Amino acid sequence: QVQLVESGGGLVQAGGSLRLSCVVSGTRFSIDAMGWYRQAPGKQRELVARITSGGNTDYADSVKGRFTISRDNAKNTVYLQMNSLKPDDTAVYYCNAGLLHWGTHHYRDYWGQGTQVTVAS
């Protein structure tokens, strides 16, 4: 059974930093793209950053220059380094991974449970 487990959220002052991690557990799959999304109260879930299996990255305009996404394929882990945090970054952050299951050759998107990031002004 596939699970995505996030960690690293918390409360930080504006201008501070946090590093989120997400580990994908399970067996018999290959991971394609991985990403981080966020959802603030009363708003839709939005893409924060995405990284392909080859290491190509894409960022929301609002986080460019402040956030960095990376992945460790050997550990099935994706990271989000968040610097110069602003109160507007406050949201629940969700990890996402696209997995190709061996045997069935089915591709499916998986989501973590989310981790709260709160930036105090």
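Could you look at the chain and say what percent of its accessible area is carbon and sulfur, using a 1.4 Å probe and all protein chains? About 46 percent, which is the carbon plus sulfur part of the accessible surface. Average accessible surface for the chain: 55 Å² per residue, computed with a 1.4 Å probe over protein heavy atoms with every protein chain in place.
Taking 0.692 mPa s as the viscosity and 37 °C as the temperature, the Stokes-Einstein diffusion coefficient of the range 45-98 based on its alpha-carbon Kirkwood radius rounds to 274 µm²/s. The percentage of C-alpha pairs in the range 76-121 whose separation is greater than 18 Å is 47%.
Semi-axis lengths, largest first, of the ellipsoid equivalent to the range 1-51 are 25, 14, 11 Å, with √(5λ) applied to each eigenvalue of the Cα gyration tensor. Peptides 5-16, 76-87, ordered by how many other C-beta atoms sit within 10 Å of their residues on average, highest first, read 76-87, 5-16. Multiplying the residue separation of Asn83 and Ala120 by 0.36 nm and subtracting their alpha-carbon distance yields 11.9 nm.
Share of Cα-Cα pairs in the chain beyond 16 Å, in percent? Value for the chain (Cα pairs over 16 Å): 58 percent. Taking 0.36 nm per residue of separation and subtracting the Cα-Cα distance, full extension of the segment from Thr68 to Gln44 would add 6.4 nm.
The values are calculated or read from the model by the stated rules, or taken from the named source; none is laboratory data. In this text, all values refer to a predicted model and were calculated from it rather than measured experimentally. Positions of Cβ are backbone-derived with ideal geometry, glycine not excepted, and every protein chain shown enters the neighbour counts. For accessibility, only protein heavy atoms count, side chains too; no ligands or nucleic acids. Shrake-Rupley method; radii C 1.70, N 1.55, O 1.52, S 1.80 Å.
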